[in-house]
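The values are calculated or read from the model by the stated rules, or taken from the named source; none is laboratory data. Remember, predicted model here, so these are calculated numbers, not experimental data. Cβ: placed from backbone, ideal geometry, glycine included. Neighbour counts: every protein chain shown.
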Amino acid sequence: MSAEAPTSMETETVASETKLESNTLPPKPKFEPLKAHEMSDGRIQFRKVSVPPHRYSPLKKYWMDIYTPIYEQMNIDIRMNLKARKVELKTRSDTPDVSNLQKCADFVQAFMLGFDVPDAIALLRLDELYVESFEIKDVKTLRGEHLSRAIGRLSGKGGKTKFAIENTTKTRIVIADTKIHILGSFANIKIARDSLCSLILGSPAGKVYSKLRQVTARLAERF
Amino acid sequence: MIPSAMASSTETALESLHHIKSTEPPEWLVPKQELSQAVRAASKLLFSSLKPYCPKSPFDQLLTEGFDVEQIWQQIDLQSQPLLSSLRREVKKFEKHPEEISKLKDGGVGGGEKKKKVLEQIETDNVVNDDEDDDDMDMDEDEDDEEEEDEEGEEEEDEEGEEEEKERGTEEESENEGEEKGGIEDKFLKIKELQEYLEEDEAREFGLKKKKTKAESKKEEEDTEEEGDDDDEEDENEGSEDDDDEAEEEEDELGLFDGNDEEDEDDLENARYEDFFSRKKNKSSKEKAKSRDMLEEDSGSDDEQDVDKRKDGPSKHEKELDKLRSKIEEMEKANLDPKVWTMRGEVTAAQRQKNSALEVDLDFEHNVRPAPVITEEVTASLEDLIKTRISEGLFDDVQKARTSSSKAPREIKELDESKSKKGLAEVYEEEFFQKTDPASALLTFSDELKKEASMLFKKLCLKLDALSHFHFTPKPVVEDMSIQTNVPALAMEEIAPMAVSDAAMLAPEEVFSGKGDIKEEAELTKAERKRRRANKKRKFKAEAAKRMGKKA
């Protein structure tokens, strides 16, 4: 390697040396981008996502749907550590980009939060999607029946309010007891969060709908 | 007429009369010459026998030769009508005064003439000449004059009328004297005379005239001698005037009544100073005035004086006067007292007695229509109406007034409340495609539903058409509302537009969602400007508060 380099360089330097036999700086080295594998001094990178107990059986059910796109399209190794109850992800040598690993980790994390696989897959495909989580108590301190009622209000009858918000704002919402997770682009998350907060605070669904309509119409006009 | 001839004719006439009486009724059905002759003769006899009693008849005898039945009948009628009325009157008088019948009997010696006189007397009892005091005087004087001048041979029919009146006047006076009237009446004013005059007027109208004969005048004389001296004196005074009047009135029978009228008028016109203000008449005039004053309460003393003059307590007249006075007092009292509540105009319940409105028949104006009385007919008519309406289907339903919408109805974005079948990735995928490639039609949820519905309907139509062997009429063109999405026009037209233009499908007014009148800054009034600023401030404050809330 070192011999080769001088030879290539030599030709140039010979040329230059032939021209000048004085002290000149060596040329800049040209490097190719590092591969994921080579990052961190060639060490392999890992991500570990813990599996909550209520997501254990869905994971088992949808394992192949998760595994396939990660392993084949993202070129990330994935395995389930049953003993530790964790999903482990590892970079391979042919992983094109470092961010893939992070994306896969986010994808798996989203699934663990409660999102469906086709919804979570969007995380793999699109860059700008995020997951935001907050709790009901962050918005308003509710206790006992009020809390239950708030949760009920959020979902609506048969989940129709939640679906309405999802459809209009192009987001996906997961209401897990007192925790709320929203998956979508930044602006959409904001809209969804606003409507959810107003629902928590007590406004009726109709009002939320009308506001949603206005906002989305305004958003659509922008394009 | 020659009495002898008359006698023979009367005999034949009597015969014919008897003959007529004896004929049987059926014989009259067929016209016979002898019967008609007999009838004519009989009627002639009757006519002539009645003629003395009927002064005004123009015919001396009934003219039957060459006259029509109708004409004969009219002659008879002309004679008999006044006669009938006079007879009726006399019968009435006989009814009232049966003693007169005895008088009649006594006076029967003088024959019919005397009877006539008595009848006249009876007649004129009730006639009082009140208005024509002078007339009375005149008549009295005339009578006296006549008595002086023509005591005999007064069967001239010219002056019968005058005599009548004079008779009546004296008779009246005599009667009045006999009755001793009260203060109101005196030589001038006699109520009885008034009555008599009125009746006499009536008789004149009916053409009834009473004959006066010598015997009658004699009777009057006797009567007049009973009177006081005043009458004679008065009569004498007026005699000179009345002579003239008498002289003027030498006329036929027919002109008698006119003469009488003239006499009366002349008396009125020739009222002289002496009538009112001669030595004797001063008294009478004073008494007249007094009598007039009697009607007032002031001259009660005169009444009393007159009453004292008269004998035998309150006379009829006085009684009447008392009645009248009491009546007057009553009426005056009623006028002075406060009126009855019914006559007082608007009266509230407090101003009248309790339950006094119940006694009075009050008339109300009811502004409310009275409740309809439900009878069988009413219900039957109603039911018929209902039946006809139902059969016709003509219900008076309220038609909704359609508000004409000028704008195209906006498409309302429907919120899909079901779980989306697409994954989030697909959603963003579509969004991306829409951004880059606007022509790709974005099927909203409602559009998809509509598509589904139209598909189903088409299938159904196909099946139905198959039933009718595909002979069908095409659907009528119904102008449907076209929904226009606010997509840039260029986008719809071009397949692959590289640039996106601002021109949108919807017109500005369709996009615009404001209300009311939009004013520019320059057009606003001060108040409006203030209002806008206040709104702005309010919004700003709200937003600021929100932001603070979020930060916190």
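Taking A:Asp97 as the residue in question, decide whether it is within 12 Å of chain B (Cβ to nearest Cβ), surrounded by fewer than 17 Cβ atoms within 10 Å (Cβ to Cβ) and either out of contact with any helix residue (DSSP H, G or I) (no Cβ under 7 Å at 6 or more places or on another chain) or more than 20 Å from B:Ser420 (Cα to Cα) (or both).
So A:Asp97 does not fit the description; no.
Quick grid of which residues meet (1) in a helix (DSSP H, G or I); (2) over 22 Å from B:Ala425 (Cα atoms):
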residue: A:Met80; (1), (2): no, yes
residue: A:Glu88; (1), (2): no, yes
residue: A:Ser93; (1), (2): no, yes
residue: A:Pro118; (1), (2): yes, no
residue: A:Glu128; (1), (2): no, no
residue: A:Thr141; (1), (2): no, yes
residue: A:Ala150; (1), (2): yes, yes
residue: A:Ala164; (1), (2): yes, no
residue: A:Thr168; (1), (2): yes, no
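If you go through the stretch A:188-223, how many residues are among the charged types (D, E, K, R), more than 20 Å from A:Glu128 (Cβ to Cβ), surrounded by 15 or more Cβ atoms within 10 Å (Cβ to Cβ) and within 11 Å of chain B (Cβ to nearest Cβ)?
Residues meeting the conditions: 1.
Among (1) within 14 Å of chain B (Cβ to nearest Cβ); (2) farther than 29 Å from A:Gln214 by Cβ; (3) not acidic (Asp, Glu), where does A:Met112 come up short?
(1)
Mind counting the residues in the stretch A:175-223 that are touching an Asp or Glu at 6+ places or on another chain (Cβ under 9 Å) and in a strand (DSSP E or B)?
Within the stretch A:175-223, residues that are touching an Asp or Glu at 6+ places or on another chain (Cβ under 9 Å) and in a strand (DSSP E or B) number 6.
If you take the residues of the stretch A:73-112 that are touching a residue at least 40 places away in the same chain (Cβ under 8 Å) and basic (Lys, Arg), which of them is farthest from A:Leu123 (Cα to Cα)?
A:Arg92
How do the pairs read when you match residues in the stretch A:172-187 that are more than 12 Å from chain B (Cβ to nearest Cβ) with residues anywhere that are in a strand (DSSP E or B) and of a type in the set (Phe, Trp, Tyr), using Cβ under 8 Å and keeping only pairs 6 or more apart or on different chains?
Sorted first by the residue in the stretch A:172-187, then by its partner, the pairs are A:Lys179/A:Phe134; A:Ile180/A:Phe134; A:Phe186/A:Tyr130.
Specify which of the listed residues (B:Leu87, B:Leu78, B:Leu29) is exposed (fewer than 12 other Cβ atoms within 10 Å of the Cβ) and of a type in the set (A, V, I, L, M). Talk me through it step by step, then tell me what you get.
Numbers: B:Leu87 fails: exposed (fewer than 12 other Cβ atoms within 10 Å of the Cβ); B:Leu78 fails: exposed (fewer than 12 other Cβ atoms within 10 Å of the Cβ).
That would be B:Leu29, the only listed residue that is exposed (fewer than 12 other Cβ atoms within 10 Å of the Cβ) and of a type in the set (A, V, I, L, M).
Can you find a residue in the stretch A:143-157 that is touching a residue at least 40 places away in the same chain (Cβ under 8 Å), away from chain B (no Cβ under 14 Å) and under 21 Å from the mean Cα position of the chain (by Cα)?
No.
Filter the stretch A:125-140 down to the residues that are within 14 Å of chain B (Cβ to nearest Cβ) and without any contact (Cβ under 8 Å) to a residue 60 or more places away in the chain and list them by number.
Across the stretch A:125-140, the qualifying residues are A:Arg125, A:Leu126, A:Asp127, A:Glu128, A:Leu129, A:Tyr130, A:Val131, A:Phe134, A:Asp138.
Can you name the helices (runs of 4 or more DSSP H) wholly within the stretch B:1-117 that have at least 1 residues being closer than 27 Å to B:Glu205 by Cα and at pLDDT 85 or above?
So the answer is B:69-96.
Only one of B:Pro409, B:Pro438 is surrounded by 15 or more Cβ atoms within 10 Å (Cβ to Cβ) and at pLDDT below 70; which?
B:Pro438
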